[in-house]
Amino acid sequence: MRSGGRRGERPPLIGCVPVDTVDFKPGCGTQSAGAGSHARTKTVQRPYGGGSACPTTGLLPDVRDRRDEAACSAGRAVSATGHEPLDRDGPDQRTADGRVTRGRRNVHALTDAGPAVDSAVVLDRFGDVDDLKLQPVPSRPLRATEVRINVAVAGLNPVDWQIVESPPLAAAFGLDLPMGFGNDFAGVVVETGTSVRRLRVGDRVFGGARGRAVATSLVLDEDHPSLHRTPAEISDLDAGILDIAGRTASAIAAALSVRPGETVLVGAAGGGVGSILTQLLVRGGAHVIGTGSAASADHIRSLGARPVPYGDGLAAAIAASKNPINAAADLHGTETAEVALRMGVPSHRVVTIEADASPTGVVQVNGSDATPDALERLLALVADKALRVPVAATYPLDQFHDAVVHQRSRHVHGKIAIRISAGSAICARGSRP
Ligand SMILES: NC(=O)c1ccc[n+]([C@@H]2O[C@H](COP(=O)([O-])OP(=O)(O)OC[C@H]3O[C@@H](n4cnc5c(N)ncnc54)[C@H](OP(=O)(O)O)[C@@H]3O)[C@@H](O)[C@H]2O)c1
């Protein structure tokens, strides 16, 4: 599950997908129309966002006409991005231009007036990132307390592809097929449910939406714990890649509680979590020794740490160091933790975050251990230019597969971002777009 390696890449999708590759949950009244069903349905090429899909089935008219139209009124389908039953008699809706439409009519009002079809990266079987597809999905009506967010930037994390490969991991996050993909996002609120009070259309927001972020839009409850306002001076790019890595780095720094002058060994210091953690530790007055390949050395140095190679030479490289190691954070397996323990670091000052079987006594930390204000604090540092969120690469949505393969290589230096809408231009005095 954790092995790296680049897989064969698919040709990028350029603006169109075969509509009849859209699959739906069994029982929604339509048959799966994926591979193997071409004798029954024709393939329709359609630009993303065009047409007016049935809000229940997501079928565009060309296909819908030749399917069971009853499925469109049965209301039993599940949105591939929302994982929620569509609400045929749903609450009143407030659209981006301020109109309020009521009850059942909303379903079609949305498809007539708004973006009836979103594009989302969707998974309909577990196993391989090659099974991820960018496809049209129905844009479902909002419940009273929900907001619709147009996604400007979605950031990737290892857990995204790990979920694709592991049904138990998906289940642990409450995800089931068909599901969306990704977690970190930043964007703008484009529609609010009738009871929404805290957010308004036009508000910039960021956070985490597990299994949903790599999409043109997503729906969250306004009180979702991972939905935050984006500070005015912060770009969508910085905010959209922060959720998992930022919370995790913050939780590790808190668990280590390093004192100024101490030396900390960080394994995989140049990755998504390590790039933020290393800066936090250096900022706190620590000397950081960071492991990485030769290709990471400059990046690790730029974070304020001294690079050392991981692998067989690690213990010798650390032993040659003038300072004793006081604490360690292992962000890749257990090698760093084991070396630190061998060098006498007490186990309560050694942290791991990904090991299935950590050495006895070390502290296991998760992103969920972060304090509720962790991201706010990090963004305050970003705004003060006291912290940067290094971007290894950005990809357009239609090249999401290349982005995932890059992330899965396990040799990323910083974070990978997928730019989804021009919303990222709405940002940030003096910050990067
Ligand atoms: N428990 C949690 O809540 C939690 C939260 C976030 C992440 N995680 C897990 O923690 C791990 C790190 O996350 P991340 O986002 O930082 O991943 P990442 O960005 O993919 O990490 C990439 C880094 O790992 C380094 N690396 C590759 N092979 C290595 C090795 N054998 N030894 C040491 N370093 C190596 C790479 O350095 P080179 O390019 O120089 O090889 C690269 O800089 C992932 O497995 C992730 O799933 C857990």
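Side notes on the structure shown:
- Selection of the range 271-289 for residues being over 25 Å from the mean Cα position of the chain (by Cα) and assigned to a helix (DSSP H, G or I) yields Val282, Arg283.
- Selection from the range 244-270 of residues that are part of a loop (DSSP other than H, G, I, E, B), in contact (Cβ under 8 Å) with a residue 24 or more places away in the chain and surrounded by fewer than 24 Cβ atoms within 10 Å (Cβ to Cβ): Val258, Arg259, Pro260, Gly261, Glu262
- Residues of the range 265-293 classified as within 15 Å of the ligand (Cβ to nearest atom) and touching a strand residue (DSSP E or B) at 6+ places or on another chain (Cβ under 8 Å), total: 17
- Taking the listed residues Val363, Val404, Val389, the one that is touching a His at 6+ places or on another chain (Cβ under 7 Å) and under 25 Å from Asn183 (Cβ atoms) is Val363, with no other qualifying.
- Residue among Arg204, Arg229, Arg212, Arg200 that is in the same structural domain as Val129 (by TED's automatic domain parsing), within 13 Å of the chain's Cα centre (by Cα) and of a type outside the set (A, V, I, L, M): Arg212
- Failed item in (1) within 11 Å of the ligand (Cβ to nearest atom); (2) buried (at least 20 other Cβ atoms within 10 Å of the Cβ); (3) not polar (S, T, N, Q), with Glu335 passing the rest: (2)
- Filtered residues of the range 175-192 (kept if closer than 28 Å to Leu237 by Cβ and away from the ligand (no atom under 14 Å from the Cβ)): Leu175, Met179, Gly180, Phe181, Phe185, Ala186, Gly187, Val188, Val189, Val190, Glu191, Thr192
- Here Ala186 does not qualify as assigned by TED's automatic domain parsing to the domain that holds Val273, surrounded by 19 or more Cβ atoms within 10 Å (Cβ to Cβ), outside any loop (DSSP other than H, G, I, E, B) and out of contact with any His (no Cβ under 9 Å at 6 or more places or on another chain).
- Candidate set from the range 360-379 (those that are without any contact (Cβ under 8 Å) to a residue 24 or more places away in the chain and away from the ligand (no atom under 16 Å from the Cβ)); member that is nearest to the chain's Cα centre (by Cα): Asp373
- Within the range 113-140, the residues that satisfy the criterion of being modelled with pLDDT of 95 or more and in a loop (DSSP other than H, G, I, E, B) are Asp124, Arg125, Phe126, Gly127, Asp128, Leu132.
- All conditions but one from (1) surrounded by fewer than 17 Cβ atoms within 10 Å (Cβ to Cβ); (2) touching a Gly at 6+ places or on another chain (Cβ under 9 Å); (3) free of Cβ contacts under 8 Å to residues at least 60 places away in the same chain apply to Ala315; the one that does not is (2).
The values are calculated or read from the model by the stated rules, or taken from the named source; none is laboratory data. The shown structure was predicted, so the numbers you read here are calculated from the model rather than taken from an experiment. Please note: Cβ atoms are built from the backbone with ideal geometry, for glycine as well, and neighbour counts cover all protein chains shown.
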